[in-house]
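Peer 1: Below: one structure in structure tokens.
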Amino acid sequence: MKLFQLWSAPGQAALSIWRLHATPQQVQAALGLAQLPACDCMRLQWLHDGAGVRFDQGLVGMFADRGGEVAELHLHGGHGVAAALRKTLTGKGWSEQAPTLAADEQALLDARSPAQARAAAQRLRYAGAYSDPDPDHARLRASRGWLEILGRRPRILIAGPPNAGKSTLFNAWLQQQRVTVSADPGTTRDSVEAPVRLGRGDWALDAVLVDSAGLWASGEALDRAAMATVELQRQQAWRVVWVFDAAQPPDPVARTALAAAGDHDLRLLNRTDLGQAWSPEEELGGSWRPCSLLQQPHTAAALEKELLEGLGPPPPTDLWLPLHEEERRAFGLLAGRG
Ligand SMILES: Nc1nc2c(ncn2[C@@H]2O[C@H](COP(=O)(O)OP(=O)(O)OP(=O)(O)O)[C@@H](O)[C@H]2O)c(=O)[nH]1
Ligand SMILES: [Mg+2]
């Protein structure tokens with residue numbers, strides 16, 4: 001049976017990588033190649049569909065695999081090329097098969113940021129490198145915060161009482177008018193989430209930012225359902241950015257919610273341009289950042305910086321990284337939200 005597999009991430013990307021389990025002659029015939037695919041080296045060749053029409057130019061080579069010979073194709077990554085290749089090969093009796101990937105290989109394919117890709121690649125490279133007990137555990141301790149989030153997409157929840165400016169912060173962070181902002185309390189009901197990039201360069205991280213409904217003593221069932229969703233979001237969040245209103249002391253529901261805040265959560269006292277009607281430090285404790293999001297839209301960048309600084313130094317690049325909770329527990333490296 002002639003099989004082909006997609007080895008790059010599904011969807012559109014700059015490149016797609018395919019493996020064809022067949023002989024060089026079968027690959028040449030299937031794709032109308034001018035030359036037989038060469039062994040252990042990639043050559044640029046035109047690929048032709050069943051009607052002899054060129055559909056892409058890419059790198060083609062043959063390699064030895066555990067079970068025999070494998071052709072590897074590095075093609076352009078658009079949907080059109082993938083569709084043309086699939087149609088050409090299935091039209092000639094080939095079958096597509098999903099590759100069997102180890103968990104770390106899958107994590108590398110799924111990585112959406114440089115940091116998450118590096119961590120997955122490091123695990124592949126140094127797999128099995130540890131003996132127990134190992135002095136290298138100590139080197140990982142300073143990067144506990146990173147290890148907690150490199151194996152997943154950390155979620156940052158924006159929460160607080162109604163009208164405090166949560167949606168204003170969400171939009172400022174994304175630098176787009178993504179959600180409705182209005183002077184009517186209770187504008188946001190459903191949680192809205194969007195991908196955000198934290199930091200730059202090699203250790204830039206992919207995260208999810210979540211805007212949420214206001215927390216207050218509402219008699220309406222809809223509001224209470226929305227607040228139950230916020231509580232679920234809070235439990236899943238890596239960090240919460242609490243936004244309270246300087247002009248309006250919060251009601252007991254918002255105060256109670258804040259009691260669940262972790263030490264690394266951020267606290268923002270917004271709308272200080274309207275005057276400060278109460279003191280969060282005195283009434284709620286903790287350290288608060290006074291601000292006016294309307295006048296200081298760069299506050300979001302300062303919050304991003306603070307979140308990243310709280311992570312400590314990035315992990316060493318020459319070690320296998322324990323990213324999953326049970327691994328971090330085994331290494332004595334669990335770092336909770338607290
Ligand atoms: N004066 C002043 N107004 C602000 C500031 N930040 C936001 N606002 C205004 O406050 C109102 C509420 O802002 P939102 O961002 O909708 O507040 P929210 O917390 O999302 O409110 P809900 O969705 O109702 O929970 C809007 O009219 C904003 O323009 C600020 O720094 N100063
Ligand atoms: Mg809102």
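Peer 1: So how many residues does region 52-73 have that are surrounded by 14 or more Cβ atoms within 10 Å (Cβ to Cβ) and either in contact (Cβ under 8 Å) with a residue 24 or more places away in the chain or of a type in the set (A, V, I, L, M) (or both)?
Peer 2: So the count comes out to 12.
Peer 1: Picking from Pro195, Pro249, Pro162, which residue would you name as being closer than 25 Å to Gly285 by Cα and away from ligand 2 (no atom under 16 Å from the Cβ)?
Peer 2: Checking each option against the conditions leaves just Pro249.
Peer 1: Here's something else I'd like to know. Could you list, in sequence order, the residues of region 225-241 that are surrounded by fewer than 17 Cβ atoms within 10 Å (Cβ to Cβ) and either within 14 Å of ligand 1 (Cβ to nearest atom) or in contact (Cβ under 8 Å) with a residue 24 or more places away in the chain (or both)? Before you say what the answer is, go through the steps one by one.
Peer 2: Taking region 225-241 as the starting set, the residues that turn out to be surrounded by fewer than 17 Cβ atoms within 10 Å (Cβ to Cβ) are 225, 228-229, 231-232, 235-236.
Within region 225-241, Thr229, Glu231, Gln236 meet the criteria.
Peer 1: Sticking with this structure for a sec: Mind checking which pairs have a first residue in region 152-180 that is touching a residue at least 40 places away in the same chain (Cβ under 8 Å) and a second that is among the small types (Gly, Ala, Ser) and within 13 Å of ligand 2 (Cβ to nearest atom), Cβ under 6 Å, 6 or more apart or different chains?
Peer 2: Partner pairs satisfying both residue conditions: Ala159/Ser212; Pro161/Gly214; Pro162/Gly186; Pro162/Gly214; Lys166/Gly160.
Peer 1: Quick one: in region 141-150, of everything that is surrounded by fewer than 22 Cβ atoms within 10 Å (Cβ to Cβ) and not in a helix (DSSP H, G or I), which residue is farthest from ligand 1 (Cβ to nearest atom)?
Peer 2: Residue satisfying both the conditions and the ranking: Ala142.
Peer 1: Could you list, in sequence order, the residues of region 30-51 that are out of contact with any helix residue (DSSP H, G or I) (no Cβ under 9 Å at 6 or more places or on another chain), exposed (fewer than 13 other Cβ atoms within 10 Å of the Cβ) and more than 24 Å from His79 (Cβ to Cβ)?
Peer 2: Those that are out of contact with any helix residue (DSSP H, G or I) (no Cβ under 9 Å at 6 or more places or on another chain), exposed (fewer than 13 other Cβ atoms within 10 Å of the Cβ) and more than 24 Å from His79 (Cβ to Cβ): Asp40, Cys41.
Peer 1: Answer with yes or no whether Asp265 is crowded, with 21+ Cβ neighbours inside 10 Å and under 15 Å from Leu169 (Cα atoms).
Peer 2: Values: crowded, with 21+ Cβ neighbours inside 10 Å: yes; under 15 Å from Leu169 (Cα atoms): no.
No.
Peer 1: Go through Leu321, Leu269, Leu284 for me and flag whichever is outside the structural domain of Arg234 (by TED's automatic domain parsing) and of a type in the set (A, V, I, L, M).
Peer 2: Leu321
Peer 1: Gly186 - would you say it is surrounded by 15 or more Cβ atoms within 10 Å (Cβ to Cβ) and either farther than 27 Å from Asp110 by Cβ or within 15 Å of ligand 2 (Cβ to nearest atom) (or both)?
Peer 2: Numbers: surrounded by 15 or more Cβ atoms within 10 Å (Cβ to Cβ): yes; either farther than 27 Å from Asp110 by Cβ or within 15 Å of ligand 2 (Cβ to nearest atom) (or both): yes.
Taking the combined requirement at face value, the residue satisfies it.
Peer 1: Moving on. Kindly check whether there is at least one residue in region 178-187 that is within 16 Å of ligand 1 (Cβ to nearest atom), within 20 Å of Ala261 (Cβ to Cβ) and not assigned by TED's automatic domain parsing to the domain that holds Ala115.
Peer 2: First pass over region 178-187, keeping only residues within 16 Å of ligand 1 (Cβ to nearest atom): 178-187.
Still in the running and within 20 Å of Ala261 (Cβ to Cβ): none.
Among the residues of region 178-187, not one is within 16 Å of ligand 1 (Cβ to nearest atom), within 20 Å of Ala261 (Cβ to Cβ) and not assigned by TED's automatic domain parsing to the domain that holds Ala115, which makes the answer no.
Peer 1: Restricting to region 291-338, give me the number of residues that are assigned to a helix (DSSP H, G or I) and either small (Gly, Ala, Ser) or more than 16 Å from ligand 1 (Cβ to nearest atom) (or both). Give the derivation first.
Peer 2: Pass one, region 291-338, residues assigned to a helix (DSSP H, G or I): 299-309, 325-330.
Narrowing further to those that are either small (Gly, Ala, Ser) or more than 16 Å from ligand 1 (Cβ to nearest atom) (or both): 300-302, 304-309, 325-330.
Matching residues across region 291-338 total 15.
Peer 1: Among (1) more than 27 Å from Arg255 (Cα to Cα); (2) surrounded by 16 or more Cβ atoms within 10 Å (Cβ to Cβ), where does Pro316 come up short?
Peer 2: Going through the list (1) more than 27 Å from Arg255 (Cα to Cα); (2) surrounded by 16 or more Cβ atoms within 10 Å (Cβ to Cβ), Pro316 breaks only (2).
Peer 1: Here's another thing I want to ask about it. Got a number for residues in region 202-258 being β-branched (Val, Ile, Thr) and within 12 Å of Pro162 (Cα to Cα)? Walk me through how you get there before you give the answer.
Peer 2: First, the residues of region 202-258 that are β-branched (Val, Ile, Thr): 208, 210, 229-230, 240-241, 243, 253, 256.
Add one more test, that the residue is within 12 Å of Pro162 (Cα to Cα), and what stays is 243, 253.
Of the residues in that region, 2 qualify.
Peer 1: What's the number of the condition Pro297 fails, among (1) modelled with pLDDT under 95; (2) in contact with a strand residue (DSSP E or B) (Cβ under 9 Å, 6 or more places away or on another chain)?
Peer 2: So the condition that Pro297 fails would be (2).
Peer 1: Next question. When only residues in region 208-224 that are touching a residue at least 24 places away in the same chain (Cβ under 8 Å) and away from ligand 2 (no atom under 16 Å from the Cβ) count, which is farthest from the chain's Cα centre (by Cα)?
Peer 2: Result: Ala217.
Peer 1: Oh, and also: Given the criterion aliphatic (A, V, I, L, M) and under 17 Å from Leu258 (Cβ atoms), identify the matching residue among Ala207, Ala159.
Peer 2: Ala159
The values are calculated or read from the model by the stated rules, or taken from the named source; none is laboratory data. What you see is a predicted model; the values in this text were computed from it and never measured. Backbone-built Cβ (ideal geometry, glycine too); neighbour counts: all protein chains shown.
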